[in-house]
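What follows draws every value from the coordinates through simple rules; no lab data is involved. Just so we're clear, the structure is a prediction, and the values are computed from it rather than from any experiment. Cβ atoms come from the backbone with ideal geometry, glycine included; neighbour counts cover every protein chain shown.
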Amino acid sequence: MTRRRLQPVELLSWSTYDIDPKSDVSITSTMFEPAEETAPPSEASSNPLESYANYPFASDETYQQGLASLIAGGALEGNPTSEVKDEILRRTRVFYFNRVTGHSISMDEAREYEFSLRATNQEPEDDSTAHSSKEPTANSDETRVLTFAELQELIESGKVDQIPNNKVIPERLNDAPPSQSTAPARKKPWELAAVAT
């Protein structure tokens, strides 16, 4: 197990936690107490899984800082599969959500609820809606910025033609005549000193 120490953040104090990215990732806290009783107000729904699904993890600065510390500490080292990455991120979300809200949802409950949400969101649509939704997706894939890992994979596999905005540099020099400079030449330091005296 690798032992890391996190710095206190605005709303919560993160102390030591244990994480082993190569096996069953466990995030345990020896001290994780709210600095103030300023936990986000719980949603009107009484279902903790709905509250979990609606929790603004992306905009919660404390969660983002903790997640950044985990990633910087090597939680995602070793190029894990997307399923392993999802599981690690889910564990961090469940751990943080339970600490902040006082609920006690399990990993299995959160996983099943997320999968059920994905299944309901991916139900087939009618043909006209499905056709119109495919066009923006194709355009968004063309303008999408690749992650470093995706870029590295394309380069290592020799598929550099699939890298977006990748310009082909010719093997020869430019045949065009050089342009003429329009900016005045900068004065040398000794020329500046001579003008000042």
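Using a simple spin-label model with pseudo-atoms 7 Å out from Cα toward Cβ, residue 190 and residue 58 lie 6.1 nm apart. When you count the other C-beta atoms within 10 angstrom of each residue and take the mean per peptide, 161-174, 68-81 line up highest first as 68-81, 161-174.
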